[in-house]
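Novice: After the structure tokens below, expect a handful of questions from me.
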Amino acid sequence: MIKDIKILSVIIIISVALFAYTFTFDEVPEILAQGMQPTMMPRLIFSLIIFLSIFQLIQNKKLKAETKELIRRNAFVTFGYTLFIVLIADKLGFFISIFLYTLLMPILWQRKDYVKIFLYSSVITLFVFVFFTLVLQLKFPQGILEDFIIRNFY
Amino acid sequence: MDFLSNISLILNYTTFGLILGSTIVGVLIGALPGLSSGMAIALLLPFTIYLEPNQAIAAMAALYCGGTFGGSITAILINAPGAPPAAATAFDGFPMAQKGEAGRALGMAAVSSVVGGILSLIVLIIFAPTLARIAYKFGPPEYFALAIFGLSMLASISSKSPVKNLIGGLIGLFVATIGVHLTTGVSRFTFGVAELFEGISFVPVLIGLFAMSEILVQASKSELLLERIKFSAIKLPSLNEFKSCAKTILRSSGIGTFIGILPAEGGTVSAMIGYNEARRWSKNKDNFGKGEIEGVAAPESANNAATGGAMIPTLALGIPGSATTAVILGGFQIHGLRAGPYLFEQQPDLLYTIFYGMLLANFIFLIFGLLGAKIFSRISLIPRGYLWPSVFVFCLVGSYGLSQSMVDVYIMLISGVVGFFLRRYGFSPAPIIMGIVLGELVENSLAQSIIIFDQNIFMFFTRPIVLVFFALTFLSLFYRPIKNLIMKGK
């Protein structure tokens, strides 16, 4: 298999799809567009990306694809758990989400010192709450803790 | 510039404290393998909104200086460069440490970094206003040509794949087109999502590409067992050693400053070229790679000199000199500032604060780098299981913080995944960031040029400065293929 054929093919396919998508943009009268339709720049960009990707494929045609190391299970687990935390952060609140993330993630990354993990998780959550919410006055989604926080800290 | 009389700008507790703190944070972060000064600035960018613009930008510049030096500590002590610019430092720094000369190597790294940093700042102070004065004559066609030149320089960032860097830059340009087109009001790539009408916010993309993608990269790695070299005390290079390295330091500082000035080229390229040139000119070239002190002095003076050099096009033209200065330009945007020649006329205080901030940062990391190297090296031994979840907390808080919108958090996460896969296939996040930063300038200056030229694009070739930039663009794109062709012919 030619080197980088997978990633370059994906880039070409996405660029072609997005190039085609520019045809759905509204047409603008020439007087308003002043010589440059809103589609011009994206089309120019995608044309160049497609051209360069094909050029790279031609350059690589004699090079064999390197065998890439498989993505470790831990990367999928990390991403899955991160995605889960981001999705629940709005409803559950940032502080509980951060606590859960920092509590479980070290364990998923093979840490076994549970007391230290609990302390670490508590300190990080407390730091975010004190520094960002109380000092910098950033308002994060507080989720199920909203009443408690409003009653006691505002 | 009335340079000396403006020192009072940093002589107040807040600004001084911020510069001090940022430099130390920079050294700490620079020392951590995987965390770079660019990433640190990206993560802290949303919170600088609480600071005065002068203080915020000076703090970022100081962090940039500290972070560039910090990478050398772990490069020397554990053979794990904290940041890419310090990679060349490890070639001779670690063998020196293995021979029990860690203190000598760290001492030389600190001193040569400061010399490189200060020399490049002198060039910055002299050259940036001159460049800005020239840039006053620039109209939209010149800015368009300059931005294209900046993007074309991506081809030479890394010797691995110039084409991939260019594709990365174009991906960045595409991201910059998302949102409602300002002139015509047409929605582009918003897919009906109202939050995208104003375009994709720069900060979450930055955090995603730099930090989130690195978390996923780190998740794929097994736990590294790093052996820390023991050393009793930092010993400054002797006067004789310093004398023997003086030429190397000066040459590398010149190389670093010059490469830093070139758009898109940063500390990593400077350090590599500085190291190679030092080996080429050295009397002890056979000792390189085995623990030669010149092999530490050269990359360290070059990569720190690149910080001052990279700030020259950033401040004078608004064209980033490196990936980190592209992030700093994002900081300008957040604070409603626009880097470029008018900055010198309208915001002189800001410039003085940046200059002094960087100058001060150099002295701070000399002192703290020498006194605290032992502690900083311990930082690198923080277990990954604690380090990277903490980085994610900053990603989450930072991407949400600026606009207080969950959409930005989703954008950060998507950028992280895209960045992870692109990095896996040899694409670097730096060109994408450069593309995003330059996107608006490219499109707007092209649109304005088309109006000026009454839609005749051949008029570009009637402007001398444009022609110079186009010639430079041609050279940066085709220099290597032409050179290869000539070499084949021989």
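The values are calculated or read from the model by the stated rules, or taken from the named source; none is laboratory data. Small disclaimer: the values here were computed from a predicted structure and weren't measured. Here the Cβ positions follow ideal geometry from the backbone for every residue, glycine too, while neighbour counts run over all protein chains shown.
Novice: For a quick check of your reading of the model, give me the residue pairs whose first member lies in the range B:268-296 and is over 15 Å from residue B:250 (Cα atoms), whose second is aromatic (Phe, Trp, Tyr) and surrounded by 15 or more Cβ atoms within 10 Å (Cβ to Cβ), with beta-carbon atoms closer than 6 Å and at least 6 apart or on different chains.
Specialist: Every condition considered, the pairs that remain are B:289/B:91.
Novice: Oh, and also: Just checking: which of the helices (runs of 4 or more DSSP H) contained wholly in the range B:1-83 hold 2 or more residues that are free of Cβ contacts under 8 Å to residues at least 40 places away in the same chain, touching a His at 6+ places or on another chain (Cβ under 6 Å) and more than 25 Å from residue B:102 (Cβ to Cβ)? If you could, list the steps in order and put the result at the bottom.
Specialist: Working: elements: B:13-31, B:37-44, B:53-78.
Correct list: empty, since no element meets the threshold.
Novice: Return the pairs, sorted by first residue and then second, in which the second residue is in a helix (DSSP H, G or I), the first residue lies in the range B:180-199 and is of a type outside the set (Ser, Thr, Tyr), the beta carbons are less than 6 Å apart, and the residues are 6+ apart or on different chains.
Specialist: B:188/B:177; B:195/B:407
Novice: Mind counting the residues in the range A:56-71 that are over 29 Å from residue B:214 (Cβ atoms) and at the interface with another protein chain (Cβ under 7 Å from one of its Cβ atoms)? Show your work before the answer.
Specialist: If we filter the range A:56-71 for residues that are over 29 Å from residue B:214 (Cβ atoms), which is where we start, we get A:58, A:61-62.
Those still in the list that are at the interface with another protein chain (Cβ under 7 Å from one of its Cβ atoms) too: none.
Count: 0.
Novice: Taking the range A:72-119 as the search range and keeping residues that are among the polar types (S, T, N, Q) and either within 7 Å of another protein chain (Cβ to nearest Cβ) or surrounded by fewer than 18 Cβ atoms within 10 Å (Cβ to Cβ) (or both), which one is farthest from residue A:148 (Cα to Cα)?
Specialist: Just the residues of the range A:72-119 that are among the polar types (S, T, N, Q), to begin with: A:74, A:78, A:82, A:97, A:102, A:110.
Now restrict to residues that are either within 7 Å of another protein chain (Cβ to nearest Cβ) or surrounded by fewer than 18 Cβ atoms within 10 Å (Cβ to Cβ) (or both): A:74, A:78, A:82, A:102, A:110.
Values: A:74: 36, A:78: 31, A:82: 26, A:102: 22, A:110: 34 Å.
Selected residue: A:74.
Novice: When both residues are 6+ apart or on different chains and their Cβ atoms are under 6 Å apart, which pairs have a first residue that lies in the range A:18-29 and is farther than 13 Å from residue A:42 by Cα, and a second that is of a type in the set (Ser, Thr, Tyr)?
Specialist: A:28/B:184
Residue by residue, here is whether (1) within 12 Å of chain A (Cβ to nearest Cβ); (2) modelled with pLDDT of 85 or more; (3) outside any helix (DSSP H, G or I); (4) under 30 Å from residue B:146 (Cα atoms) holds:
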{"residue": "B:336", "(1), (2), (3), (4)": "no, yes, yes, yes"}
{"residue": "B:343", "(1), (2), (3), (4)": "no, no, no, yes"}
{"residue": "B:353", "(1), (2), (3), (4)": "no, yes, no, yes"}
{"residue": "B:381", "(1), (2), (3), (4)": "no, no, yes, no"}
{"residue": "B:403", "(1), (2), (3), (4)": "yes, no, yes, no"}
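Novice: Return a yes/no flag: does the range B:23-41 have any residue that is of a type outside the set (A, V, I, L, M, F, W, C), more than 17 Å from the chain's Cα centre (by Cα) and surrounded by fewer than 24 Cβ atoms within 10 Å (Cβ to Cβ). Even if it seems obvious, please write down each step before you answer.
Specialist: In the first step, residues of the range B:23-41 are kept if they are of a type outside the set (A, V, I, L, M, F, W, C); the result is B:23, B:26, B:30, B:33-34, B:36-38.
Pick out the ones that are also more than 17 Å from the chain's Cα centre (by Cα) and you get none.
No, every residue in the range B:23-41 fails to be of a type outside the set (A, V, I, L, M, F, W, C), more than 17 Å from the chain's Cα centre (by Cα) and surrounded by fewer than 24 Cβ atoms within 10 Å (Cβ to Cβ).
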